[in-house]
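A.B. asks: To start, I am sharing the structure in question, which I have written as structure tokens.
The values are calculated or read from the model by the stated rules, or taken from the named source; none is laboratory data. Owing to the predicted nature of the structure, the values given are computational and were not obtained by experimental measurement. Here the Cβ positions follow ideal geometry from the backbone for every residue, glycine too, while neighbour counts run over all protein chains shown.
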Amino acid sequence: MAKYQEYSNGIEPTWCKGCGDFSVLRSLQIALSDLEIPNKNLSVVSGIGCSGRISGYMKSYSFHGIHGRVLPVAQGIKAANPKLTVIATGGDGDGFAIGSGHFIHAAKRDMDITYIVMDNQIYGLTKGHTSPISEKGFKTSSTPYGKEDTALEPALLALSGGASFVAQGFSGYQEELVDIIKEGIQHKGFSFIHIYSPCITFNKINTYQWYRQHLIPLKDQNKKHDKSSLKEAMELVVDKEGMLTGLIYQNQRKSETDAPSLVDQTRALSKEEFDDLFQRLYI
Ligand SMILES: Cc1ncc(C[n+]2csc(CCOP(=O)(O)OP(=O)(O)O)c2C)c(N)n1
Ligand code: SF4
Ligand SMILES: [Mg+2]
């Protein structure tokens, strides 16, 4: 058995054959096995969507939450037990529509979790509605005359929110994806990993071929940017219209400290403290 299979619970994914999320699942498992993170110290949390199925295939403390709420759950798990490696996962609809408020504030809070978004620029599970990442003019069953508003730029959102690690990948570039996920997990702070992960069933525009034509791998660029510079990272994302793969920004916050662990707090309230609290809350 390959080492990465130790992170599989043996359940066969129900994704369409060829879905980009297969590669994300495999990359995550390889990254975890390379980093030798014990299953018992791992928690994988997901929201609702095709992408959200990923937590159901992992051998870990997995939690398949509700739509758009993956980050509050993941932060709660990390606050309760900071010793766990916490991986939050979900789709572009989950993270950038219903969950967008949580995204900005999780970036700002900078807790030590890794957030992996499988972006297919569409709502896959609900059969192909537009997402905030779908391009203007994109035609779907919910926008038969074309989407009227412009697309959100997730990396820019993360950078302006305060994420201390921002990287992008593509399901078709698995080797790079494994490296990025490893770096993200090792980074101490909020690591945002935005992965272009094609939906072969409902998105006939942003296909594997389309991404290969449009994506710009940072490792192939002659001019290297300063990855610790927020200004340079933002300029790069704007200049290249977000279509980058690789590490865009990493800057460890100086103020980063380990959160106090709730599981290590054995002391309960005394009767006097409880009565006092009760009085103050209810009278
Ligand atoms: C509170 C709530 N609102 C709406 C839905 C319906 N719903 C389920 S998945 C989904 C969007 C899925 O798109 P995305 O997050 O991009 O995931 P994908 O399926 O594309 O991987 C929606 C709107 C829901 N389950 N719960
Ligand atoms: S509908 Fe799209 S996103 Fe969902 S499993 Fe199929 S290919 Fe993947
Ligand atoms: Mg999606």
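A.B. asks: Please enumerate the residues belonging to segment 225-248 that are basic (Lys, Arg) and farther than 21 Å from residue 214 by Cβ.
C.D. replies: Answer for segment 225-248, where residues must be basic (Lys, Arg) and farther than 21 Å from residue 214 by Cβ: 227, 231.
A.B. asks: Quick one: in segment 228-257, which of the residues that are modelled with pLDDT under 80 and surrounded by 10 or more Cβ atoms within 10 Å (Cβ to Cβ) is farthest from residue 169 (Cα to Cα)?
C.D. replies: Once the filter is applied, the top-ranked residue is 256.
A.B. asks: Right, another one. Name the residue that is surrounded by the fewest Cβ atoms within 10 Å (Cβ to Cβ), counting only residues in segment 114-151 that are of a type in the set (S, T, N, Q) and within 14 Å of ligand 3 (Cβ to nearest atom).
C.D. replies: 142
A.B. asks: In addition: Residue check: is residue 53 at pLDDT below 95 and of a type in the set (Lys, Arg)?
C.D. replies: Taking the combined requirement at face value, the residue does not satisfy it.
A.B. asks: Taking only pairs six or more apart or across chains, which ones have beta-carbon atoms under 7 Å, a first residue in segment 19-34 that is within 13 Å of residue 2 (Cβ to Cβ), and a second residue that is outside any helix (DSSP H, G or I)?
C.D. replies: Matching pairs, first to second residue: 29/8; 32/42.
A.B. asks: Can you pull out every residue in segment 53-88 that is within 12 Å of residue 116 (Cα to Cα) and in contact (Cβ under 8 Å) with a residue 60 or more places away in the chain?
C.D. replies: Once the filter is applied, which keeps residues that are within 12 Å of residue 116 (Cα to Cα) and in contact (Cβ under 8 Å) with a residue 60 or more places away in the chain, segment 53-88 yields 54, 87.
A.B. asks: Right, here's the next one. Can you tell me which condition residue 120 does not meet? The list is (1) within 16 Å of ligand 1 (Cβ to nearest atom); (2) in contact with a helix residue (DSSP H, G or I) (Cβ under 6 Å, 6 or more places away or on another chain), and all the others hold.
C.D. replies: All conditions pass for residue 120, except number (2).
A.B. asks: Oh, and also: Go through (1) assigned to a loop (DSSP other than H, G, I, E, B); (2) in contact with a strand residue (DSSP E or B) (Cβ under 9 Å, 6 or more places away or on another chain); (3) free of Cβ contacts under 8 Å to residues at least 60 places away in the same chain one by one and return the number of the condition residue 232 breaks.
C.D. replies: (1)
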